[in-house]
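Reading through the structure tokens given below for one structure.
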Amino acid sequence: MGKAARNRVLVINSGSSSIKYQLLDPESSVVAASGIVERIGEDDSAIEHRAESSTTERRVAIADHTAGLRLVFETFAATGHDLEEEGVRAVGHRVVHGGEVFYRPTLIDDDVVATIADLAALAPLHNPANLAGIESARALLPGVPQVAVFDTAFFHGLPAAARTYAIDAKVAAAHGIRKYGFHGTSHEYVSGRVAELLGRDPSEVNQIVFHLGNGASASAIRGGRPVDTSMGLTPLEGLVMGTRPGDLDPGIVAHLARSAHLDIDQIDTLLNRDSGLKGLSGVNDFRELRRRIDSGDEAARLAYEVYIHRLRRYLGAYLIELGGVDAITFTAGVGENSPQVRADALAGLARFGIEVDPAANATGDRTARRISPPDTPVAVLVVPTNEELAIARAARRVVERLD
Ligand code: ADP
């Protein structure tokens, strides 16, 4: 192993009941191992660990994130990577909300931990889970620098007109209310790849990126800098998602409280877990949604139509904001894998220079590629996102400054 192993970064994405992780070399992008611990705190927790060509699966009760991460390290050791012996260059943590404070990858110390905890008021579902991962990793790998990479960071410099909500300015200032934006690591990585693929400097490219996973967001990027994005103070705003509604009349919240007598936590749960595709059709996974549409399920069809309608609304808004675009890109689980979503999102827009070539769109190719005809003014692209690689590179840049 030796030197190569010590250059690796362990990337941790710690959610409320799961830990996704990857051990990779930020320079070569080679992944040594990756996996997921799921259902932490439940009786049937499990780990799935992939290293080289083998997959290890174990079902075992995992009480909390520290126990989960300990099991990850044991599994690494059992499959030929003893992290303590081999050494890793850094641990990179995905942190959802950086608020106004954190907009660069940040070396973690006690103060940073305390501030991320304070920011939990803005992201109660996410930041505490991210912190659990950070605390566990600090305890288990005490000598290794830990770096936080924030989902909001890329959008920190959004123009004031795009980031400001039209509510009482004093209330907004007192409570940190602004558009923060999320999935920033992905939008930054993918938009950078787009410029590379077009063979142009990022400063010359106007583009729209659709990150369509279980969560979904769109961004408008001019010359490498975002000028708008669809998620807001929280990841609820914008596009229709697996379990979140995206844009809503805010009056619905007050109406639900008065009329359905839901308290604020019940409304939060309704909006975060039981809305979006799932709320409309009963399922949040796009593959199952497609099966239901194909078998004549009307609720599934409507859910799909609402999803596409919202997507096109953002497309129209961002085309005008940018005054035209060089590229429109799809990424993440749905964006990379659903030719139908891509075709329906961009249907009938030839007059704007936007076309999708059906054959190029339909290939199951997993690499970054153009799916518009070669001579059309707007390049339509599919670019696989790689948030882990982006986090690993960011973490490496931070630790290089320490050397
Ligand atoms: P997240 O990171 O937000 O959990 P992903 O980017 O992994 O999500 O995307 C997950 C979603 O991608 C799944 O819910 C599923 O709907 C969708 N998806 C994955 N594979 C396919 C596929 N082959 N066709 C259509 N949708 C897919």
Angle, helix 65-78 long axis vs. longest principal axis of the chain, Cα atoms, 0 to 90°, nearest 10? 70 degrees
What is the chain's relative contact order, in percent, from Cα pairs under 8 angstrom and six or more apart in sequence? 14 percent
Give or take rounding to whole Å, what are the principal axis extents of the alpha carbon atoms in region 192-232, in descending order? 30, 19, 9
In region 10-108, trypsin sites (Lys or Arg not before Pro) in a DSSP loop with at most 16 other beta-carbon atoms within 10 Å: 39
For residue 84 and residue 357, calculate 0.36 nm times their separation in residues minus their Cα-Cα distance, and state this gained length in nm to one decimal. 93.3 nm
Given the rule -39500 (n - 2.57) for each run of at least 4 DSSP H residues, summed and divided by the residues of the chain, what is its mean residue ellipticity at 222 nm, to the nearest 500 deg cm²/dmol? -11500 deg cm²/dmol
Which peptide among 24-32, 245-253, 384-392 comes first, and what is the full order, when sorted by highest mean count of other Cβ atoms within 10 Å? 384-392, 24-32, 245-253
Measure off 7 Å from each Cα along the Cα-to-Cβ vector at residue 204 and residue 268, then give the distance between these two points in nanometres to one decimal. 4.8 nm
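About the Cα centre of the chain, how large is the charge dipole given +1 on each Lys and Arg Cβ and -1 on each Asp and Glu Cβ? Please answer in debye to the nearest 20.
740 debye
Kirkwood hydrodynamic radius, region 36-79, all distinct C-alpha pairs: what's the number in Å?
About 10.4 Å for region 36-79.
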Footprinting proxy, 49, 65: sorted fewest to most Cβ within 10 Å, the residues are 49, 65
Across the chain, qualifying lysine pairs (alpha carbons under 26 Å, at least 8 places apart or different chains) come out at 4
Theoretical gain in end-to-end length, residue 254 to residue 291 [0.36 nm per residue, Cα-Cα removed]: 9.7 nm
For residue 357, the residues 5 or more places away or on another chain with a placed amide H closer than 5 Å to its own amide H are 372
Just to confirm the number: angle between the C-alpha axis of helix 298-322 and the first principal axis of the chain, 0 to 90 degrees, nearest 10? 90 degrees
From phi via Karplus (6.51, -1.76, 1.60), per-residue ³J(HN,Hα) for region 367-377 in Hz, x at Gly/Pro: 9, 4, 7, 8, 10, 9, x, x, 9, 7, x
Expressed as a whole-number percentage, the relative contact order of region 19-108 with C-alpha contacts under 8 angstrom and at least six residues apart is 17 percent
Can you tell me what percent of all Cα-Cα pairs in region 181-297 are more than 23 Å apart? 44 percent
Regarding the chain, what whole-number volume in Å³ per residue does the convex hull of its Cα atoms give? 163 Å³
In degrees from 0 to 90, rounded to the nearest 10, what is the angle of the helix 184-198 Cα long axis to the longest principal axis of the chain? 70 degrees
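Values in this text are rule-based calculations from the coordinates and carry no lab data. Predicted model, so just to flag it, every value in this text is computed and none were measured. For neighbour counting, all protein chains shown are included, and Cβ atoms are generated from backbone atoms with ideal geometry for every residue, glycine included.
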